[in-house]
Amino acid sequence: MTVLADPASVSLRTILLHPPDPSAPALVYGCGTLAAAAVGLLRHLYPDVEVWVVSRPGARAELAVRMGAHEVLPSKPDQLVAEVARRCATRPLVPWSKHAWLQDGPGVVYDTVGSPETVETSMRLLTSGGTLVVSGVEPPKRFEWTPLYFKELHIVGSNAFGVEEVHGVRKHAFEHYFDFVADGLDLTPMITHRYSLRDWKQAILTIARRRRTGAVKVLFEP
């Protein structure tokens, strides 16, 4: 569907900046439009990669499963790190901060939130030498970043989209998206609500109250 070309293209660039390694799980941090698109694209382009999603429980967590996520993990930082440690069968290390971090975890985290909390938590759970790709944007704030140098992590910013290379073919991200759709990619489950133009007020309230409504993508239909 054409209206999904933009978020799909943003998430495509995020993934292409550091494609996942099938030998380790890939983790998508977030439960909004970019996260849902990232899950769908990962499952379409890299079917052998195990995809984990960090989400609050409820409609958005259910959507992540519909998009193809293998696991939905808790969003509270300490619970998340503990759950990743359990799934990776690795022993958490507890530094002076008392917030555990791991040496063996997902090889890449795609952070579609970009808050100080999600960046800090991503660095705590990434495997040593792993990569964090940040596409979300939140106000800056101090956070504990010692895992960055202790684990020799890589942090990459992801900004919008343009001409991208997929499997050796370079063209605009929109064109890649339309090719993916023709090949079976279906991101339409992220359209959670549809309204006529005369119901525009209700549509705005639905997205404004998304924690209650579970809205991800709200669509106007003429």
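The values are calculated or read from the model by the stated rules, or taken from the named source; none is laboratory data. This one's a predicted model, so the numbers in the text were calculated from it and none came from an experiment. Cβ coordinates were reconstructed from backbone atoms using ideal geometry, including for glycine residues, and neighbour counts include every protein chain displayed.
Taken over the stretch 177-190, the criterion of being touching a residue at least 24 places away in the same chain (Cβ under 8 Å) and exposed (fewer than 12 other Cβ atoms within 10 Å of the Cβ) is satisfied by ASP183, GLY184. With respect to (1) on the phi < 0 side of the Ramachandran plot; (2) surrounded by fewer than 20 Cβ atoms within 10 Å (Cβ to Cβ); (3) not in a helix (DSSP H, G or I), the lone exception for VAL133 is condition (2).
Candidates ALA160, ALA173: the one that is at positive phi and either at pLDDT 90 or above or under 21 Å from the mean Cα position of the chain (by Cα) (or both) is ALA160.
For the stretch 1-41, residues that are in contact (Cβ under 8 Å) with a residue 24 or more places away in the chain, of a type in the set (Ser, Thr, Tyr) and surrounded by fewer than 24 Cβ atoms within 10 Å (Cβ to Cβ) total 3. What about LEU148, is it more than 19 Å from the chain's Cα centre (by Cα), surrounded by 14 or more Cβ atoms within 10 Å (Cβ to Cβ) and without any contact (Cβ under 8 Å) to a residue 40 or more places away in the chain? For LEU148, the condition - more than 19 Å from the chain's Cα centre (by Cα), surrounded by 14 or more Cβ atoms within 10 Å (Cβ to Cβ) and without any contact (Cβ under 8 Å) to a residue 40 or more places away in the chain - is met. For the stretch 107-124, the tally of residues that are out of contact with any Pro (no Cβ under 7 Å at 6 or more places or on another chain) and among the aliphatic types (A, V, I, L, M) stands at 3. Keeping to the stretch 179-205, report how many residues are of a type in the set (Ser, Thr, Tyr) and either under 19 Å from the mean Cα position of the chain (by Cα) or closer than 22 Å to VAL65 by Cα (or both). Residues that pass the stated criteria total 2.
Pairs are defined by a Cβ separation below 7 Å, a sequence spacing of at least 6 or placement on different chains, a first member in the stretch 157-176 that is within 18 Å of ALA37 (Cα to Cα), and a second member that is surrounded by 12 or more Cβ atoms within 10 Å (Cβ to Cβ) and hydroxyl-bearing (Ser, Thr, Tyr); the pairs so defined are SER158/THR14; SER158/SER135; PHE161/SER9; ALA173/SER9; PHE174/SER9. In the stretch 168-184, the condition of being under 23 Å from VAL54 (Cα atoms) and of a type in the set (Gly, Ala, Ser) is met by no residue. Close Cβ contacts (under 7 Å, 6 or more residues apart or on different chains) running from residues in the stretch 191-207 that are in contact (Cβ under 8 Å) with a residue 60 or more places away in the chain to residues that are basic (Lys, Arg) and surrounded by 12 or more Cβ atoms within 10 Å (Cβ to Cβ) comprise ILE191/LYS217; THR192/LYS217. Quick one: what pairs do we get from the stretch 77-88, first residue in contact (Cβ under 8 Å) with a residue 24 or more places away in the chain, second aromatic (Phe, Trp, Tyr), C-beta under 7 Å, 6+ apart or different chains? What qualifies is VAL81/TRP101. Given the structure, is GLU83 of a type in the set (D, E, K, R), in contact with a Leu (Cβ under 8 Å, 6 or more places away or on another chain) and at pLDDT 95 or above? Criteria met by GLU83.
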